[in-house]
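J.: Shown below is the structure under consideration.
Coordinate-derived values only; no laboratory data. In this text the structure is predicted, and so the values were computed from the model without any measurement. For neighbour counting, all protein chains shown are included, and Cβ atoms are generated from backbone atoms with ideal geometry for every residue, glycine included.
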Amino acid sequence: MELNWWVVLGFFGQGLFFMRFFVQWIASEKKKESVIPLAFWYFSIGGSLILLIYAIKRKDPVFIVGQSTGMIIYVRNLMLIYRKQQTAEADV
């Protein structure tokens, strides 16, 4: 069986995407409440970007739209988090 590097890349992206749920679950269990750690957003961006590349290679418009629109949300959440941190630091 020939190793298809595009499939390997797709599974790698899916693995990164899965890790966001894993880190969110572990962080929530530790705090005994639902939390979304910063790593969640970075895994979201990494997995989404790799899956977007895979979707473009596969020429799958549904997958392309889903991953690209999700990317906007992940980046926006990071922007909001960093803005809040900067505001909190300025208030000190």
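J.: Just to be sure I understand the filter: pairs with C-beta atoms under 8 Å, separated by 6 or more residues or on different chains, first member in the range 17-37 and surrounded by 13 or more Cβ atoms within 10 Å (Cβ to Cβ), second member assigned to a loop (DSSP other than H, G, I, E, B) and not β-branched (Val, Ile, Thr). Which pairs pass?
T.: 23/37; 24/37; 27/37; 28/34
J.: Run residue 54 past the list (1) among the aromatic types (Phe, Trp, Tyr); (2) touching a residue at least 40 places away in the same chain (Cβ under 8 Å); (3) more than 22 Å from residue 8 (Cα to Cα) and report the number of the one that doesn't hold.
T.: The failed condition is (3).
J.: On to the next question. Got a number for residues in the range 1-41 being more than 28 Å from residue 56 (Cα to Cα) and not in a helix (DSSP H, G or I)?
T.: Final tally of qualifying residues: 6.
J.: Considering only residues that are crowded, with 16+ Cβ neighbours inside 10 Å and of a type in the set (A, V, I, L, M), look in the range 61-81 and name the one that is nearest to residue 49 (Cα to Cα).
T.: 71
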